[in-house]
Structures are given as structure tokens and as C-alpha cells.
Ligand SMILES: [Zn+2]
């Protein structure tokens, strides 16, 4: 996991570069337009000579001429604006109206930088699992058998409703979104759907952090014991959405147990949503971690059991 300092430094650099790129592209378009619209050059020249006359008349105190010059230049500016508009020249207004693209508002880091930092963080965290491959529209329900088992469950029907839940989760995402607990065997689509949620939530401008339990806990450990990646734990506590993938696959130590409890509990108290994926049952979570964690999950998480058989295996069989 990468540090907060790094992501913010990178976010500021990206902002600077984006501003430069926009200016450069605007210049290119402008110079092409000046070539194809000779009237623009004429307007520029007229405006320049009006400027000179304005200075002289101001010195001379000639009010009538001043008024005439002002009106003329207003008309010329309007004409110029229309030509620029017709030539589809992008505005030179800053992209972020809050900070005017400086990255700071009243000495504090602007939201546009925070969003970019979160995007960078998620990009780094998700390098091994490209978000682009895990979308709602390529989640294939046909891998889930449409047949009702002896216990009355139907995998296709269950997964159809979980897919709907996930789509709606993104659609309605906000501060008071619920916590989700996804359980079920390996390869039944938990990671796929949570990554699709993460992508959707980031697209809406929220700050989301996704990581396997193993990676997240080792980041917390590194920060605590070597000071490496300072601010990561804070970010996990405070981000808009935290996804802990594959809980239970990591080595559970007394350190990870208390880190998990703190993350889960602090986020419940501050009303910030968390999604946890695990192959474990609630009973196994209680045994592996502690009853106080499992009771938090039971009391504060909307629990959904994924059904079906390992999709990766099914896919590799099809490919063979
Ligand atoms: Zn801004």
C-alpha cells in the first residue's frame, strides 16, 4: 500500500499537468482558428489600436471619445467571443471553481485534489485486480444454476437479487449507506461485485479504499511498527467506503484482530459504510477473531450469502 504523502504529491502533480495540457490544447486550437478566421486577427488589431486611443483620450480627459471607444471595444469583444464559440474553443476558466485549479481553498487542500488522491490510491491498490474487468454489465448470471436446491435456495435467483442490491448500492451511495457482508465460497463473484461497487462509487466522486484483508492489515502493521506509509490507517478509518476483501485468508494475529475490530467499530460509530467479503461463516469469524467482532457484523451489516460453484473453474473448463 502506498502512502498518503505520495498520493497527495502525485495528485498535485497531475493537477498541474492537466492545467498545462488544457492550456496547450487551447493554444493549438486557437492558432488554427486564427488561421482559418482572418477576421479574428483584424479584431485583435482593432482592439489594440482602440487600447492606445483609450490611453490618449484618458490623458486628455475627452469623455465623449472615451465612451465611443468603450462601446466599440465591447462590440468587438462580443464578436470575438462568438467566433471563439463557433470554433469550439474551450473556455479558459479553471476546471475547479472552488480552488481555481490551485489545489487550495483557504489554506486547506481542495476536494478536487482529495478526489484525485483517492483515485490514485485506488488505482495503486487495485493494480492486481483491474477495475475495468469487474463491472456489473459483465457479471454473468448464467454461471449460477437456475435450479432450486433441497433447502429451497435457487442460486440464479439469489445472485440476481444480490446483483440488483449492488447496483442500487452504487446508485444511492452516500454517507448513510449500509454496511454489507458478503459470504460464500471461493470464486462465486464476491470480489467481482465489490470491485464494480468501488468503481461506481469512485466515479461518483467518493473516496473509496479497496484491499485484501492481508494487504490492508500489513499496511496498518507497517505504519505502526516502521512508520512507513503514514496516514494509511487514518485513511482506512475515514474514507467514504472501505472494502475489506477476503477476510480470513490472512494470518490472524492479536494485532490483526484488534485492527479489524477498530476499523469495523470506528466506522460503525462514525456512520461510514464498509463492505467485507469472506469465505468464512459468521460462526467461523467468531472463532477466528472474537465474539465482539461477529456481534458487530450481525448487528450492523446487511449479510448476503453468495451461492453457486467456483466460476473461475467453470470458465477454465469452458476454455479447455
Ligand atoms: Zn479544486
Filtered residue count, the stretch 139-152, keeping only those that are part of a loop (DSSP other than H, G, I, E, B) and closer than 20 Å to residue 193 by Cα = 5
Residues located in the stretch 241-290, provided they are touching a strand residue (DSSP E or B) at 6+ places or on another chain (Cβ under 6 Å), modelled with pLDDT under 95 and surrounded by fewer than 22 Cβ atoms within 10 Å (Cβ to Cβ) = 246, 248
Which one is surrounded by the fewest Cβ atoms within 10 Å (Cβ to Cβ) among residues in the stretch 214-223 that are under 16 Å from residue 276 (Cα atoms) and in contact (Cβ under 8 Å) with a residue 60 or more places away in the chain?
-> 215
Among the residues of the stretch 99-108, is there at least one that is assigned to a helix (DSSP H, G or I), away from the ligand (no atom under 12 Å from the Cβ) and either more than 30 Å from residue 215 (Cβ to Cβ) or out of contact with any strand residue (DSSP E or B) (no Cβ under 6 Å at 6 or more places or on another chain) (or both)?
-> no
Among the candidates 74, 63, single out the residue that is away from the ligand (no atom under 16 Å from the Cβ), out of contact with any strand residue (DSSP E or B) (no Cβ under 8 Å at 6 or more places or on another chain) and at pLDDT 90 or above.
-> 74
Residue set 138, 154, 176; condition in the same structural domain as residue 306 (by TED's automatic domain parsing), within 19 Å of residue 310 (Cα to Cα) and loosely packed, with under 12 Cβ neighbours inside 10 Å; output residue 138
Kindly provide the set of residues from the stretch 295-320 that are closer than 21 Å to residue 186 by Cβ, at pLDDT 90 or above and surrounded by 17 or more Cβ atoms within 10 Å (Cβ to Cβ), ordered by number.
-> 297, 301, 304, 306, 307
When every residue in the stretch 1-22 that is closer than 17 Å to residue 94 by Cα and in contact (Cβ under 8 Å) with a residue 12 or more places away in the chain is compared, the one nearest to the chain's Cα centre (by Cα) is 11
What tally of residues in the stretch 224-240 results from selecting those that are surrounded by 17 or more Cβ atoms within 10 Å (Cβ to Cβ) and more than 19 Å from residue 214 (Cβ to Cβ)?
-> 1
Restricting attention to the stretch 112-128, does a residue exist that is closer than 23 Å to residue 11 by Cα, at pLDDT 90 or above, within 16 Å of the ligand (Cβ to nearest atom) and in contact with a helix residue (DSSP H, G or I) (Cβ under 9 Å, 6 or more places away or on another chain)?
-> yes
Qualifying position, being within 16 Å of the ligand (Cβ to nearest atom) and in a helix (DSSP H, G or I), among 26, 53, 22, 39 | 22
May I ask you to list pairs of residues, at least six apart or on different chains, whose Cβ atoms are under 8 Å apart, with the first in the stretch 84-107 being more than 19 Å from residue 205 (Cα to Cα) and the second being part of a loop (DSSP other than H, G, I, E, B) and more than 12 Å from the ligand (Cβ to nearest atom)?
-> 87/37
Within the stretch 194-210, is even one residue at pLDDT 85 or above and closer than 13 Å to residue 278 by Cα?
-> yes
Test residue 161 against the criterion of being modelled with pLDDT of 90 or more, out of contact with any strand residue (DSSP E or B) (no Cβ under 7 Å at 6 or more places or on another chain) and away from the ligand (no atom under 16 Å from the Cβ), and give yes or no.
-> yes
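The values are calculated or read from the model by the stated rules, or taken from the named source; none is laboratory data. As the structure is a prediction and not an experimental result, all values here were calculated from the model. Here Cβ is always computed from backbone atoms with ideal geometry, including for glycine, and neighbour counts include all displayed protein chains.
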